[in-house]
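The values are calculated or read from the model by the stated rules, or taken from the named source; none is laboratory data. Note that the structure is predicted; figures quoted are calculated from it, not measured. Because the Cβ atoms are built from the backbone with ideal geometry, glycine has one as well, and the counts that use them run over all protein chains shown.
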Amino acid sequence: MLNQLTKPIKSLKILCGTLLVGFSTQAVALNSDVEKPVSIEANSVVFNKNAGTAVYSGRVEIVQGTLRIIADRIEINAPGNEIQTMKATGKPVQFKQTMDSGKQAVGQANLIQYYVTKKLLQLSGNASLKQDKDAFTSNHIEYSTASGELKAGSNKNQQAGKPPGRVKAIFYPTNKAQ
């Protein structure tokens with residue numbers, strides 16, 4: 001049973017690592033993080049083995065090595081022990097992780113969703129990613145882990161009458177030794 005409970009969390013770690021890799025091709029999470037134990041704290045958790053769901057609620061904090069995720073709620077849908085979707089909500093959901101380069105990557109959004117079969121990651125509502133001084137912000141960010149394509153801008157559910165959000169990216173040149 002413990003394996004069924006921790007399996008979704010391991011995938012959540014992969015989700016965040018994937019997000020950070022998508023942000024910068026040089027951003028690689030610490031290799032040693034994968035070998036670290038996963039620690040989960042929340043005010044409550046509800047597992048439904050028959051439905052294949054797990055819902056963590058109330059200041060959910062997940063730590064594995066240098067990876068840290070804080071959310072108000074994390075829902076995992078894994079019928080037949082195969083994870084299909086993960087959804088983290090908060091005001092905002094926050095994550096940070098140290099990369100192999102020693103730089104820290106941080107990000108946040110009001111909603112982070114990962115669709116496993118589509119290999120699609122979505123950050124919605126005040127989404128931002130930052131590594132060192134480089135930063136990327138938008139109302140909505142989508143990243144395909146299959147193709148490596150990143151899209152940013154207003155999402156499909158843009159409220160009528162509200163102006164579309166803008167995308168802002170700031171990238172600093174890397175200093176190369178000559």
Within segment 76-94, restricting attention to residues that are of a type in the set (Gly, Ala, Ser) and more than 13 Å from the chain's Cα centre (by Cα), which residue is surrounded by the most Cβ atoms within 10 Å (Cβ to Cβ)? 78
Out of the residues in segment 138-162 that are assigned to a loop (DSSP other than H, G, I, E, B) and of a type in the set (A, V, I, L, M, F, W, C), state the one that is modelled with the highest pLDDT. 146
Look at segment 127-155 and say how many of its residues are buried (at least 16 other Cβ atoms within 10 Å of the Cβ) and under 17 Å from residue 110 (Cα atoms). 15
How many residues of segment 95-137 are within 11 Å of the chain's Cα centre (by Cα) and assigned to a loop (DSSP other than H, G, I, E, B)? The answer is 0
